[in-house]
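Peer 1: If you scroll down you'll find the structure; I have some questions about it.
Just so it is clear, none of the values below were taken in a lab; they were calculated from the coordinates. Since this is a predicted model, take the numbers as computed values, not measurements. Note that we place each Cβ from the backbone using ideal geometry, even for glycine, and neighbour counts take in every protein chain shown.
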C-alpha cells in the first residue's frame, strides 16, 4: 500500500510533552519536514531554548544544544562560526527571544548571522505557568497581569519582526501562524525559505509563528485558534517584513 | 623552541592561545584585558580563525559555549565585572561538561571598582563561578612566561577533564612586559569527539549537549560523576612552587604579583636573620593543601599575602587545619603590597603577635 502520510525522519519517536491543543507540535513537524525535504538532516544542528520547547533536543534527530535562557542566538553564532558548512537553527519562545534574550536576538540580526530562527509567539510564558510575556496583548489577563496587561504600568507588547526590520542585517523576516490548514501551509513555506536562505548563504532569517497556548490562555484548543484570528493577528499582522531577494520588502 | 621576545602579559597569553590551537575568540572590551581582544582581532583573520566582538560578556561566553559544543578550543577573556556577567555561561559549560578557557585579568571591586590590579575574585573563581555545584580549574600565573605557559596548560586541562578552566591573573600580569619564550605550536586534534555536535551525517545517533535533567536521581548521578573527576584533579593536578622552604620558620603563601614581591621580602628578611620561605600556589583550585599541611609541622606560622581582604587566607587555614596561626598581609582597591608591607607582617609573625 502506498504511504501517503508519515512521520518526518527528522523527528524522534519520543512522545511530545506539549499540552493538548498546543501548536508547538505542528511547528516541530514543519521544521522536521523542511529538514527532510532539503536533505540537510546530517549537517543540521539545532539550539533549544528555555521555555516550553526546552526539551526540543529530545524531539529532533539532528545534533542539538540546549542553551541558557535567551542565549540561543549567541550559542548558534558559536556553532555556526565553528563550522559554517553546518545548518544551524534556534527554536525559541517569546520570553526567551523577546525578553531575556532580546540583546542576543537584535545583535545576531544586526550581524546578519547566517542562522535560522524559529520564533514561537504565543503571548505568554507557558512553561512557568502563564505569566505576562513581552508579547502579551494590552489587557491580556495572565498570572502576573491578573487585572489585564496595563500598558501604563506594564508597557506595550513588542512586535519583533517590525523591530528587526529597522536593521540592515536580516535577510528575511516573516510572521506566519498555524491556526488553520491554509496558514500551516504558508508557515511551512516561510520556514523552508528561512532554511534555504541559510543554505544559500543569504544570512539571518527569522520566522515568527503566532501560536496558541490553550492551557494558559484558559481556552479550548478550538477557541484558542480563533483567538489568534480575533486578537493576535490584528496586533501582529502576518506578512513578510524583510526579504533581501527583493520581493515584498515591508 | 621559539626565541625569547619582550611581550605584555595580555599579548603573550593571546599568542599562546593561538599556538595552543585556539581559533575561536569572543570578547568584549574591558580594562585591563582589552589588549587580548585587540591582539586577537589583528591575528585571527590572518590565520583563518574567528575573532568576534560580542554584544555583551554574556553573549561572548555563550558563543564560547557554542564552539565548545562542536568540540573545538574556544576562549574568552575579561576582567572582574565582566567575569561576573559570564558566570551564567560558565555554569552552563560546567553543567554540560564542555571545555573552554576563560581569562580573568582582575581589577579592584566590588561594583565598578577600579581598573588597577587586584586578586579580589579569588572566591568567585575558586568556589565555582556561577550557580550550582561545580568547580573550574583555576591557574594563577606569576610572570609573563607563565601567562603563556598557563594558557596552554589551561586548554590541556580543560580538554582532559571536559570542564572550563580559568586563567586568574591580576591586572599586573596582564599589563607588565617581560621576556618570554613562547610555546611551540600544538598540533590541533581534529578527530571528532564522541559527544560533540558536528552533524550526524545520518550515520550515528544525535548528540545532545545539555545540562537539564528533570529526574533528580539522574541529576544526582551526574553531579556525583563530576565530583569523582574533581577528586582525581585534586589528587593529580595540583601545582605549586616552593621557595626557600628548606629551613623556613615562617611560610608566606602568595600567588601572582604578590608572590613576586614576596620573594624580595623573603630575601630581605633573611638578611635580617629571619628564616622565611614561600609556597606559591599555581593552581588555586585545586588548592595545594598537601604541601601546606606538611609545612604546618615545620613552620611557626603562615602569612597570606594577597590583594584582597584575606580570601585565600581561609583556604590556607582549612589546608593546615588551623594547626598554626595564619597572618594576613593585604592591600586592596588596586594598591599592591610592598616589600615593606610584607616585612612588617613577617616581623609581626616573628613576634607571634595576634
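Peer 1: If you average over every viewing direction, what projected area does the convex hull of the Cα atoms of the stretch A:26-80 give, in nm²?
Peer 2: That works out to 3.7 nm², a quarter of the Cα hull's surface.
Peer 1: Would you mind ranking B:31, B:283 so that the residue whose beta carbon has the fewest other beta carbons within 10 Å leads the list?
Peer 2: Listed from fewest to most nearby Cβ atoms, that is B:31, B:283.
Peer 1: Neighbour counts of other C-beta atoms within 10 Å: give me A:77, A:151, B:34, B:190 arranged from fewest to most. Please report the intermediate quantities before stating the final value.
Peer 2: Values: A:77 31, A:151 12, B:34 18, B:190 8.
If I rank by nearby Cβ atoms, fewest first, I get B:190, A:151, B:34, A:77.
Peer 1: Using Cα springs under 10 Å in a Gaussian network model of chain B, which residue among B:196, B:140, B:158 shows the largest mean-square fluctuation?
Peer 2: It is B:196.
Peer 1: Hey, what does the equivalent ellipsoid look like for the stretch A:1-130, semi-axes from the Cα gyration tensor as sqrt of 5 times each eigenvalue, largest first, whole Å?
Peer 2: With the √(5λ) rule applied to the stretch A:1-130, the semi-axes are 24, 20, 11 Å.
Peer 1: Right, another one. Hey, what did chain A get for relative contact order, percent, Cα under 8 Å, at least 6 apart? Intermediate results must be reported in sequence, preceding the final value.
Peer 2: Working: 518 pairs, mean separation 46.1, N = 250.
Result for chain A is 18 percent.
Peer 1: Still on this model: Between the helical axis of B:339-351 and the dominant principal axis of chain B, each derived from Cα atoms, what acute angle in degrees is found, rounded to the nearest 10?
Peer 2: Relative to chain B, helix B:339-351 is tipped by roughly 60 degrees.
Peer 1: Next question, about the same structure. Based on the alpha carbons, how large is the Rg to Rh ratio for chain B when Rh follows Kirkwood?
Peer 2: Rounded to two decimals, Rg over Rh is 0.99.
Peer 1: Return the calculated 222 nm mean residue ellipticity for chain B, to the nearest 500 deg cm²/dmol, obtained by summing -39500 (n - 2.57) across DSSP H runs with n ≥ 4 and dividing by the residue count.
Peer 2: One gets -12500 deg cm²/dmol as the mean residue ellipticity at 222 nm.
Peer 1: Work out the mean other chain Cβ neighbour count within 10 Å for the residues of A:41-47 and drop it here as an integer. Mind showing how you got there, number by number?
Peer 2: On the way: counts 5, 6, 5, 4, 10, 3, 4.
Mean partner shielding for this stretch: 5.
Peer 1: Still on this structure, please answer the following. So for the pair residue B:294, residue A:182, with labels modelled 7 Å out along Cα→Cβ, what separation do we get in nm?
Peer 2: 8.2
Peer 1: Rounded, prolate or oblate for the stretch B:179-221? Axes are the square roots of the Cα gyration tensor eigenvalues, ordered a ≥ b ≥ c, and the cut-off for rounded is a/c under 1.5.
Peer 2: oblate
Peer 1: Applying a 10 Å radius around every beta-carbon, put B:92-103, B:3-14 in order of their mean neighbour count, most first.
Peer 2: Final packing ranking: B:92-103, B:3-14.
Peer 1: Turning to a different aspect of this structure: With the contact rule set at Cα under 8 Å and sequence spacing of 6 or more, what percent relative contact order holds for chain B?
Peer 2: Value for chain B: 18 percent.
Peer 1: In degrees, nearest 10, range 0 to 90: what is the angle between the Cα axis of helix B:34-43 and the longest Cα principal axis of chain B?
Peer 2: 40
Peer 1: With each pseudo-label sitting 7 Å past Cα toward Cβ, what's the residue B:47-residue A:189 distance in nm, one decimal?
Peer 2: A separation of 4.9 nm, rounded to one decimal place.
Peer 1: If one computes the Cα centroid of the stretch A:184-234 and of the stretch B:274-291, what distance in Å separates the two points?
Peer 2: Using only Cα atoms to place each centre, the spacing works out to 60 Å.
Peer 1: Moving on. Label the stretch B:111-222 by shape, choosing from rounded, prolate and oblate, from the square roots a ≥ b ≥ c of the eigenvalues of the Cα gyration tensor; if a/c is under 1.5 it is rounded, and otherwise prolate applies when a/b is larger than b/c, oblate when it is not.
Peer 2: Oblate is the answer for the stretch B:111-222, as a/c is 1.5 or above yet b/c matches or exceeds a/b.
Peer 1: Hey, how many Å between the Cα centroid of the stretch A:120-182 and the Cα centroid of the stretch B:84-140?
Peer 2: 35
Peer 1: If you don't mind, there's one more thing I want to ask. How far is it, in nm, from the label point at residue B:239 to the one at residue B:318 when both lie 7 Å from their Cα along the line to the Cβ?
Peer 2: According to this spin-label approximation, the distance is 2.1 nm.
Peer 1: By its C-alpha gyration tensor, with a ≥ b ≥ c as the square roots of the eigenvalues, how is the protein assembly as shown shaped: rounded for a/c under 1.5, else prolate for a/b larger than b/c, else oblate?
Peer 2: Judged from the Cα gyration tensor, the protein assembly as shown comes out prolate (a/c at least 1.5, a/b above b/c).
Peer 1: Arrange the peptides B:198-206, A:64-72, A:213-221, B:212-220 so that the one whose residues have, on average, the most other Cβ atoms within 10 Å appears first.
Peer 2: On the way: B:198-206: 15.1, A:64-72: 26.6, A:213-221: 18.3, B:212-220: 10.8.
So the order, starting with the most tightly packed, is A:64-72, A:213-221, B:198-206, B:212-220.
Peer 1: Another question, if that's okay. Please work out the C-alpha center-to-center distance from the stretch A:3-42 to the stretch A:65-93 and express it in whole Å.
Peer 2: For the stretch A:3-42 versus the stretch A:65-93, the Cα centre distance is 20 Å.
Peer 1: To the nearest 10 degrees, how steeply does helix B:144-161 sit against the main Cα axis of chain B, on a 0 to 90 scale?
Peer 2: It works out to around 50 degrees.
Peer 1: Which length gain, in nm to one decimal place, applies between residue A:144 and residue A:14 when the Cα-Cα distance is subtracted from 0.36 nm times their residue separation?
Peer 2: Length difference between fully extended and current span is 43.5 nm.
Peer 1: What ranking do A:55-63, B:107-115 get when scored by the average of other Cβ atoms within 10 Å per residue, highest first? Walk me through the intermediate numbers first.
Peer 2: Details: A:55-63: 23.4, B:107-115: 16.4.
Taking the mean over residues of other Cβ atoms within 10 Å, the ranking is A:55-63, B:107-115.
Peer 1: Give the order of A:175, A:111 when sorted by the count of other beta carbons within 10 angstrom, beginning with the fewest.
Peer 2: With the fewest neighbours first, A:175, A:111 line up as A:111, A:175.
Peer 1: If you take each beta carbon of peptide A:26-37 and count the beta carbons of other chains within 10 angstrom, what is the mean?
Peer 2: 0
Peer 1: Report the full-extension gain for the segment residue B:219 to residue B:115: residue separation times 0.36 nm, less the Cα-Cα distance, to one decimal in nm.
Peer 2: Full extension from residue B:219 to residue B:115 adds 33.4 nm.
Peer 1: How are the alpha carbon pair distances in the stretch A:24-243 distributed across 10 Å bins from zero to the largest one, expressed in percent?
Peer 2: All Cα pairs, binned at 10 Å, distribute as 9, 37, 38, 14, 2 percent.
Peer 1: Just counting partner chain Cβ atoms within 10 Å, what average do the residues of peptide B:47-56 show around their Cβ? Could you put the intermediate results ahead of the total?
Peer 2: Values: counts 0, 0, 1, 5, 1, 6, 0, 7, 9, 4.
Mean inter-chain Cβ contacts per residue within 10 Å come to 3.
Peer 1: Just need the Rg to Rh number for the stretch B:241-351, please, alpha carbons only, Kirkwood Rh.
Peer 2: Computed over Cα atoms, the ratio is 0.92.
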